[in-house]
Amino acid sequence: MIPDVLRQYQSEIVEALGETFVMVGVSVVAAVLIGLPIGTFLFLCRKGSLLENKWVYSILDTLVNIVRSIPFLLLVVFLIPFTRLLIGTAIGTAAATVPLAIIAIAHYSRLAEQSMLDVPRGVLEAAVAMGASVKDVIFKFLYVEARSGLVFGLTTSTVSFISYSTVMGIVGGGGIGDFAIRYGYQQFKTDLMLYVMIIMVIIVQLLQFVGTTVARKIDKR
Amino acid sequence: MIKLTNVSKSFAQFQAIKSVSLTINSSEIYGIIGASGAGKSTLLRLMNILDTPDSGEVEVNGQLLTSLSQAELRQARKAIGMIFQQFNLLANKTAYQNVLIPLQLVDFPRHERKARVMECLDFVGLGHAADKYPAQLSGGQKQRIAIARALASSPQVLLCDEPTSSLDASTTAEILSVLDKINKELGVTIVIVSHEMEVIKSICNRVSVMAEGEIYDTLAIEPQGVQHLEKSPQSFVEQLKGEGGG
């Protein structure tokens, strides 16, 4: 059932998958813990919104755009000094999580902002009329109504993070994508490369299935 | 109960309200009618500072809202209920959870919340729909849930922004009866903005007519009571014949 070449490289594949899991996991955590608040501020600080503030909006908006417009490989290289400062080294899986987390934050903050823009203005207006504080508006109204879009966006982002993580071989980050290139492509084991691609397709399909199912389940609109 | 003194409000170049003063007494049902663009919704939104007036004073429940800090204003708003043309319910919360929100905001005693929510839902006749999501309810039911939500924290004032304008005639009557009941049984002061003459005539004691951002006239009227429209097919046929045959 399982091809011999996969059996042969089983331990390497498992290790590479573990590295991918760490890189993507850190990205997802960064996206939720930092990207979501930034997306929320982008939403709240825009013109006509609750905390309208031209300066905060412009600064966040520009930062998010800059990070997203730099080709990712260049961003990784550009961030090497910063990574070294933060982690102590610029090489390895831990170091690779730094640029991944940064692109993850920028990526998800934009998607989070967009899903909040889908919440009807009137609902937030009703919240204000009820005497809700900004914190109440965010947690009791905004996130409740945007939750399906937030989950959808996080699923889309996570798939992108997996894709971004595949190039982290450049700084020794490892991961399943790096494995496919080093063992499959560079050692002319085309079948191995193909199998790894199939594994990744299955992972992404599963992820998307779970994300879509959850998003649909919590959407009562 | 509500006192506006020389309030004005502009949006960009457009002057929506031009120095309006009016007084609404306690336990009144006060109507504001006018063509679209006359400024009636804006005037209502000034009453809980949903729109901040450019000048003038707004007093509600004896508090000068225009002089309050943000925190004090939030507190004051908890005693002012509001309902909207589009209901503005949370689509991802059940009717019960929607009505629960204002109780959470006012820190209502936890163990009494359930009873209070059910009391409000029963008051609008929707106790049986507590576990339904707004998408499962009709327009009239949604508006009644919104009314229950507005009532939960026992406000002294209820502001209604075109409450029946997206509803059909028979559902309109249903909502107006509920509003009338709130006024009679709970003594809540109600302000209704509407462009529909029938709505204003049926339950209001006093009415201001607005035009071009100003109050054109204010008059006391005798509320005619809510006309309960039949919605059986036969009634439609009879109405059609009656109108056509003369």
Springs between alpha-carbon pairs under 10 angstrom, Gaussian network model over chain B: which of B:I17, B:I49, B:I175 fluctuates most? B:I49
Extension gain from A:D191 to A:F78, taking 0.36 nm per residue of separation minus the Cα-Cα distance: 37.2 nm
If A:D191, B:D180, A:D118, B:D161 are ordered by their accessible area, calculated over protein heavy atoms with a 1.4 Å probe, which sequence runs from highest to lowest? A:D118, A:D191, B:D180, B:D161
Calculate the dipole size of chain A relative to its Cα centre from +1 charges on Lys and Arg beta carbons and -1 charges on Asp and Glu beta carbons; express the result in debye to the nearest 20. 500
Proximal lysines relative to B:K142, as straight alpha-carbon distance under 17 Å, when same-chain residues fewer than 8 apart are discounted: A:K220, B:K93, B:K132
Over region A:21-174, what per residue volume does the convex hull of the Cα atoms give, in whole Å³? 105
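Residues of B:84-90, mean number of Cβ from any other protein chain within 10 Å of their own Cβ, rounded to a whole number?
Across B:84-90, the average partner-chain Cβ count within 10 Å equals 6.
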Nearest 10 degrees is fine. How inclined is helix A:10-30 to the longest principal axis of chain A, computing both from alpha carbons? 20
Compute the Cα gyration tensor for chain B, then decide on rounded, prolate or oblate, letting a ≥ b ≥ c be the square roots of its eigenvalues: rounded whenever a/c is under 1.5, prolate when a/b is larger than b/c in the other cases, and oblate in all that remain. oblate
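How well do other chains shield peptide B:144-154, expressed as the mean number of their Cβ atoms within 10 Å of each residue Cβ?
The shielding value for this peptide is 1.
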What angle, in degrees between 0 and 90 and rounded to the nearest 10, separates the Cα long axis of helix A:36-45 from the longest principal axis of the Cα atoms of chain A? 30
Three-way shape call for the protein assembly as shown based on the alpha-carbon gyration tensor, with the a/c threshold at 1.5: prolate
Estimated distance in nm for a label pair at A:I59 and B:A135, the labels positioned 7 Å out from Cα along Cα-to-Cβ: 3.9
Describe numerically, in nm with one decimal, the distance between label points set 7 Å from Cα along Cα→Cβ at B:K241 and at A:I202. 7.3
Output field shielding_mean for A:112-121 (other chain Cβ, 10 Å radius) holds 1
What does the helix-only formula give at 222 nm for the protein assembly as shown: each DSSP H stretch with n ≥ 4 adding -39500 (n - 2.57), the total divided by the residues, and the result rounded to the nearest 500 deg cm²/dmol? -17000 deg cm²/dmol
Listed peptides A:58-64, A:125-131, A:148-154 by packing density, highest first (mean Cβ within 10 Å): A:125-131, A:148-154, A:58-64
Mind giving me the nanometre distance, one decimal, between the label points for A:L86 and A:I2, set 7 Å out from Cα along Cα→Cβ? 3.5
In the structure shown, do any of A:K140/B:K201; B:K18/B:K181; B:K40/B:K201; A:K54/B:K40 have a Cα-Cα gap over 26 Å, and if so which? A:K140/B:K201; B:K18/B:K181; A:K54/B:K40
Quick one: helix A:190-217 against the long Cα principal axis of chain A, what's the angle to the nearest 10°, folded into 0 to 90? 20
With an 8 Å Cα cut-off and a minimum separation of 6 or more residues, compute the relative contact order for region A:21-174 in percent. 35
Considering only DSSP beta bridges where both residues belong to the protein assembly as shown, give the percentage that are antiparallel (nearest 5). 50
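The values are calculated or read from the model by the stated rules, or taken from the named source; none is laboratory data. Since the model is a prediction, treat every value here as computed from it, not as a measurement. Virtual Cβ from ideal backbone geometry, glycine too; neighbours counted across all protein chains shown. Areas reflect the complete protein model, heavy atoms only, side chains present, ligands, DNA and RNA absent. Shrake-Rupley method; radii C 1.70, N 1.55, O 1.52, S 1.80 Å.
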